[in-house]
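The structure appears right after this line, and notes come after that.
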Amino acid sequence: MFTKMLLAWAWSVASAKAQTAAGKALFNRIADKVVVLIGKVMWKSKRVLSEQDLTELKTLLEKDYYIILTLHRGYLSSWAIAIAHFFLRGKFGYYAHTLMNLEDTVKSDADYRFIEATRAGTQYSGFDHVFNQQTSAVALIKPKSMTLAQWTAVMDRAKTYIGRPYDTLFDLANDNNLSCVELVRNALRAEPNYARDFANFEAMISSAKNLDPQFYYECPDFEIVWEKRA
């Protein structure tokens with residue numbers, strides 16, 4: 001997202017008249033490659049969640065469904081997204097990824113189930129994949145006004161996106177490809193009263209003309225149920 005903003009700015013400054021269909025296609029290809037490259041840069045961070053934190057997290061996931069926000073300090077993409085949030089909201093962001101849990105009865109670690117959009121596309125993931133040894137922070141949030149039946153509809157909608165390619169360009173107008181934030185937002189739209197219950201959320205998106213994981217954390221339409229930061 002941050003890379004796309006910088007490239008878009010450079011392109012507009014270089015030649016406003018040159019923004020033809022071919023020029024925009026070239027920009028998108030360049031932005032896509034740079035975003036993918038940033039996503040591959042990682043290093044080991046010492047600030048990670050403890051085993052006690054993860055045990056507490058598992059207990060909460062067994063009891064309810066959440067929108068989950070995560071941060072990996074050792075990922076260059078996390079820092080890029082934090083900076084991008086400054087351009088969108090006037091302050092630096094914190095969380096860099098969004099997903100949802102879908103499990104029913106949990107008898108072992110293998111029963112934890114998540115749906116997320118990553119570079120590999122929209123997919124199901126397990127606990128150890130989502131909360132790996134480099135996880136630095138987690139927040140569990142919930143919409144303030146949503147029944148279990150409505151939440152079930154949201155999860156059912158999310159499942160229909162399995163297999164969609166990843167949207168490196170964060171194009172909110174096109175759901176053929178999905179980023180992590182688009183997946184969760186599109187799933188929430190299955191809620192019949194979405195326009196009313198998420199009016200603040202949509203106002204934030206309309207104002208910023210984009211969306212990143214921190215929006216979920218900052219929006220008053222959601223409540224923070226649990227959070228741990230290393």
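Things to note:
- Meets criteria (surrounded by 14 or more Cβ atoms within 10 Å (Cβ to Cβ) and either under 24 Å from Ile205 (Cβ atoms) or in contact with an Asp or Glu (Cβ under 9 Å, 6 or more places away or on another chain) (or both)) for Gly93: yes
- Close pairs from the range 210-230: first farther than 18 Å from Leu61 by Cβ, partner among the charged types (D, E, K, R) and in a helix (DSSP H, G or I), Cβ under 8 Å, at least 6 apart: Leu211/Glu182; Leu211/Arg185; Gln214/Arg89; Phe215/Arg89; Glu218/Arg89; Asp221/Asp197; Ala230/Asp53
- Close pairs from the range 172-186: first over 14 Å from Ala208 (Cβ atoms), partner of a type in the set (Phe, Trp, Tyr) and crowded, with 23+ Cβ neighbours inside 10 Å, Cβ under 7 Å, at least 6 apart: none
- Filter pass, Leu6 being modelled with pLDDT under 70, surrounded by 14 or more Cβ atoms within 10 Å (Cβ to Cβ) and either under 27 Å from Arg89 (Cα atoms) or more than 19 Å from the chain's Cα centre (by Cα) (or both): yes
- Whichever residue in the range 142-164 is part of a loop (DSSP other than H, G, I, E, B) and at pLDDT below 95 and, among such residues, is nearest to Leu211 (Cα to Cα): Lys144
- Top-ranked residue in the range 96-123 [being part of a loop (DSSP other than H, G, I, E, B) and in contact (Cβ under 8 Å) with a residue 24 or more places away in the chain; ranked as surrounded by the fewest Cβ atoms within 10 Å (Cβ to Cβ)]: Ala120
- Thr135 surrounded by 15 or more Cβ atoms within 10 Å (Cβ to Cβ), touching a residue at least 40 places away in the same chain (Cβ under 8 Å), touching a Ser or Thr at 6+ places or on another chain (Cβ under 7 Å) and hydroxyl-bearing (Ser, Thr, Tyr): yes
The values are calculated or read from the model by the stated rules, or taken from the named source; none is laboratory data. Here the structure is a predicted model, which means the values were calculated and not measured. Here the Cβ is made from the backbone with ideal geometry for all residues, glycine too, and neighbour counts use every protein chain on show.
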